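What follows is a single structure, written as structure tokens, with notes after it.
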Amino acid sequence: MIRFDNVTKVFPDGTKALNGVTVTIPTHKLTAIIGPSGCGKTTLMRMINRLELPTSGEIFIDEQAVSERDEVELRRSIGYVIQRIGLIPHMTIEENIAIVPEMLGWDESRITARVDELLELVDLDSKTYRSRYPFELSGGQQQRVGVSRALASDPNIILMDEPFSALDPISREQLQVELRKLQKKIKKTIVFVTHDMDEALEIADEIIIMREGQIEQMATPDELIEHQATDFVRDFIGQDRIARRRDFAQRTLEEFDELLDETWVGDYAEASSMITVQEAIDLLADNSNKRIAVKRNDLIIGYLGHHTLLKAAMKDREGELSV
Amino acid sequence: MSNFLETISSRSDLITEAFFQHIYLSFVALAIGILIALPAGILVARYHRFAEPIIGVTAVLQTIPSLALFGFLVPLIGIGSKTALIALVIYALLPIVRNTYAGLTSADESIIEAGRGMGMTPNQILKKIELPIALPVIMAGIRTATVLTVGIATLATFVGAGGLGDVIYRGLQSYNNALVLAGALPVALLAIMFDLVLKWVEKRVTPKGINNQ
């Protein structure tokens, strides 16, 4: 558990990067920190391994204040992956991965075995890659090495600073999927800074949304799609994305108002435009009525039948596809 | 041509002695230069605020015409190889300090950041990351300093420190072009030879994984 207690950071030039942040990052979960640039997300993360020091407030790891720990020892106990990968160019892949274990004084056979294990974990053939140099690998492969380097000494906490944002879209997506899988296996406390909402929704267990040095909302991806704490959060996620991510059955008729029929002669039941698709289905199913008169402010805005729901379902699907 | 060969054989004692004196002067000056300039370069790379003044001072020293510098030093230190060495060391400083500084600060910021994040101490970052990356650039500086020193050592003759300048100077005084050539050619050959050797060393010390980028 990583706990920030009323943490403020003011840079020497006067910019306030963090403004009294109090938050707890849960253990064994992947927590994404997201927000527009300059919101303080990277600063917040870099405080965990003391690459950044708070102006006031304190950070605790398992209730021990990080300020009381030796920074070198602290950093060696925390994995760190950065956006620009940062593999050391004159070291082989094996030597790169072995940096922290070597500093910790592991013996050679243990390091060799660990390198094999890690390369396999990130899906790189150990025989092929271990003695290569970073420049011989593609960006995606380099970042796989970056991730395995962070895991080398089996730290409990791993910090990832926009690790996939410099990669091409295909590698990025692959690595996101694999990180998810990897996390299921290794169950580390991962703090993942990103500016990509889709990435956060895809990989995170918890998402922290930040703005101007403060936390706007912390929630699971599902909760975030269901309920946005502030207008900023709603705008930041984006209506499109919210609609797209929501379960079709949970969307309201209001969102499909342009699909309604204007007239209907025959039986109907009345319902508010705020009912969900699921509720509309139930109404149509247990009622011999063929139509629902959809009302907004007590005025009928249109009529809904089976065919309308089909169109709505297609539109919902389209929204997903058009992304 | 035959005149030239004759000169060489008849004055071979003089030429050989001057040749070795020349090598001695250049080498010792270089060694001292490296011993001073390398730590200075590392220092200014770590404490950037010293970079401007230190590199500035070495640059100013470099602009003093070499003959004038030898002249300045004579009243202060007298004549002899000590004076010559001091002047040569001063000339060797700038290229080495400047290249060491440039090489050490050229390492990609992200690599240093990764090193720091993994818990490397500043000394480990210097030894394991910055120095290996800077090595080719530092070697290039030493090469420049070497060629420069071998050339300027020719002037050591004016402070009585010998070297191939002696041969050239004697040739000039006696209107003996063959003798001038017998002094000048070895200087050029020495410079070229050192340059080639150091170029080879530079290639050898460039860590794998860097030269292919």
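Tabulated data for the structure shown
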quantity	calculated
Residue list for segment B:155-213, filter: part of a loop (DSSP other than H, G, I, E, B) and away from every other protein chain (no Cβ under 14 Å)	B:Gly160, B:Ala161, B:Gly162, B:Gly163, B:Ser174, B:Tyr175, B:Asn176
Any hit, segment A:11-27, residues being open to solvent by less than 50 Å² (accessible area, probe 1.4 Å) and within 14 Å of chain B (Cβ to nearest Cβ)	no
Single match in A:Asp257, A:Asp222 (criterion: at pLDDT below 95, over 20 Å from A:Leu30 (Cα atoms) and either touching a Cys at 6+ places or on another chain (Cβ under 8 Å) or acidic (Asp, Glu) (or both))	A:Asp257
Qualifying positions in segment A:209-266 - among the basic types (Lys, Arg) and touching a residue at least 12 places away in the same chain (Cβ under 8 Å)	A:Arg211, A:Arg241, A:Arg244, A:Arg245, A:Arg246, A:Arg251
Subset of segment B:162-189 that is within 22 Å of B:Lys82 (Cβ to Cβ) and open to solvent by less than 10 Å² (accessible area, probe 1.4 Å) - its residue that is modelled with the lowest pLDDT	B:Gly162
Residue ranges of helices (runs of 4 or more DSSP H) in segment B:8-109 with at least 3 members open to solvent by less than 20 Å² (accessible area, probe 1.4 Å) and in contact with a Pro (Cβ under 9 Å, 6 or more places away or on another chain)	B:12-46
Some residue of segment A:90-98 being more than 19 Å from the chain's Cα centre (by Cα), open to solvent by less than 20 Å² (accessible area, probe 1.4 Å) and away from chain B (no Cβ under 12 Å)	no
Out of A:Gly86, A:Gly40, sole residue that is at positive phi, crowded, with 23+ Cβ neighbours inside 10 Å and facing another protein chain (nearest Cβ under 9 Å)	A:Gly86
Number of the condition not met by A:Met1 [criteria: (1) under 19 Å from A:Leu159 (Cα atoms); (2) at pLDDT 95 or above]	(2)
Residues within segment A:47-77 that are facing chain B (nearest Cβ under 8 Å) and β-branched (Val, Ile, Thr), tallied	1
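The values are calculated or read from the model by the stated rules, or taken from the named source; none is laboratory data. Just so you know, these numbers come straight off a predicted model, no measurement behind them. Heads up, the Cβs are rebuilt from the backbone with ideal geometry, glycines too, and the neighbour counts pull from every protein chain shown. We work out accessible area using only protein heavy atoms, side chains counted, and drop any ligands, DNA or RNA first. Shrake-Rupley method; radii C 1.70, N 1.55, O 1.52, S 1.80 Å.
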